[in-house]
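Student: This is the structure I have questions about; it appears just below.
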């Protein structure tokens, strides 16, 4: 451990921390950088009321850290993400698991896909938030992926689509999507689950609620012969993690046959950006 004892001031002054202002006015009332004795600023700024941490050269995953005695992070401020203001992707990580401090979960579920009246090869919306099924099926395309737009006025089914929408008031980052799916027949089908984001035409009046600019966030399952003998589980990282405020997210179900009835349970782990 270095010591000042028995050494000249010239040999240690660079190791002394000081307020970065001239004169001898003591503790400042405005934020002032904390500098080494040679005037090089640290990441700290202080005033009589405020403590600020701001990197001088590089944003890192550990700009501010609180550790336990064993050296494991308990609290970490990660400024390594891109963007500024509302678009910044930096994170505050907490606990021994170091998850984002504002981690949250959203749920999509369907207790019985047969209630959707499914046609093989057609994607159908899965209700948001609760494990129920829609009284009327909402078909959402027949391609490899669901449709990337949807015309509410052309289908006259605003009530059913509403039950499937997850609206985002804030920018979010999706961390992981967890899927459980099971059937009720000895021999099932190949099942596909998608998570999609859309722009939505918000407002009141005819045509409002139309969906556009669809983007696949996750494609999951693809499970062959999913029947009653098993429940599949998948944890899937999103292909497009960041979803902006004002958009909606939907989940869809599609199978290549109608040999079985399926239960779908989707958990979306996310944090606000």
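Student: Express in nm, to one decimal, how much length is gained between residue 272 and residue 244 on full extension, taking 0.36 nm for each residue of separation and deducting their alpha carbon distance.
Tutor: Working it through step by step, the gained length comes to 9.1 nm.
Student: Among 153, 112, 197, which one shows the biggest mean-square fluctuation in a GNM of the chain, springs joining Cα atoms closer than 10 Å?
Tutor: 153
Student: Then there is this: Return 198, 108, 180 ranked ascending by Cβ neighbour count within 10 Å, so the fewest neighbours appear first.
Tutor: So the ranking, lowest neighbour count to highest, is 180, 198, 108.
Student: Arrange the following residues from fewest to most other Cβ atoms within 10 Å of their Cβ: 208, 69, 269.
Tutor: Fewest-to-most ranking of 208, 69, 269: 69, 208, 269.
Student: In bins 5 Å wide, starting from 0, what share of all Cα pairs of segment 1-57 does each bin hold, as a percent?
Tutor: 4, 18, 23, 22, 15, 12, 5, 0
Student: For the pair residue 213/residue 149, report the inter-label distance in nm, with labels modelled 7 Å from Cα in the Cβ direction.
Tutor: With each label point 7 Å from Cα toward Cβ, the separation is 1.3 nm.
Student: Cut-off 10 angstrom, C-alpha nodes, Gaussian network model of the chain. Which of 49, 244, 201 fluctuates the most?
Tutor: Ranking 49, 244, 201 by mean-square fluctuation puts 49 first.
Student: OK, next. Across segment 187-273, how large is the tail of the calculated P(r) beyond 22 Å, expressed as a percent of all Cα pairs?
Tutor: 40
Student: Is the shape of segment 104-272 rounded, prolate or oblate, going by the alpha carbon gyration tensor and its root eigenvalues a ≥ b ≥ c, with a/c under 1.5 for rounded and a/b larger than b/c for prolate?
Tutor: oblate
Student: Using Cα pairs closer than 8 Å and at least 6 residues apart in sequence, work out the relative contact order for the chain, in percent. Don't skip to the answer; put the middle values down first.
Tutor: Numbers: 669 pairs, mean separation 52.1, N = 273.
Reported as a whole number, the value is 19 percent.
Student: With a 10 Å Cβ neighbour count serving as the proxy for reagent exposure, in which order, fewest first, do 231, 152, 92 appear?
Tutor: Ranked by crowding around the Cβ, least crowded first: 231, 92, 152.
Rule-based calculations on the coordinates, nothing more; no lab input. What you see is a predicted model; the values in this text were computed from it and never measured. No Cβ is skipped: glycine too gets one built from the backbone with ideal geometry, and neighbour counts run over all protein chains shown.
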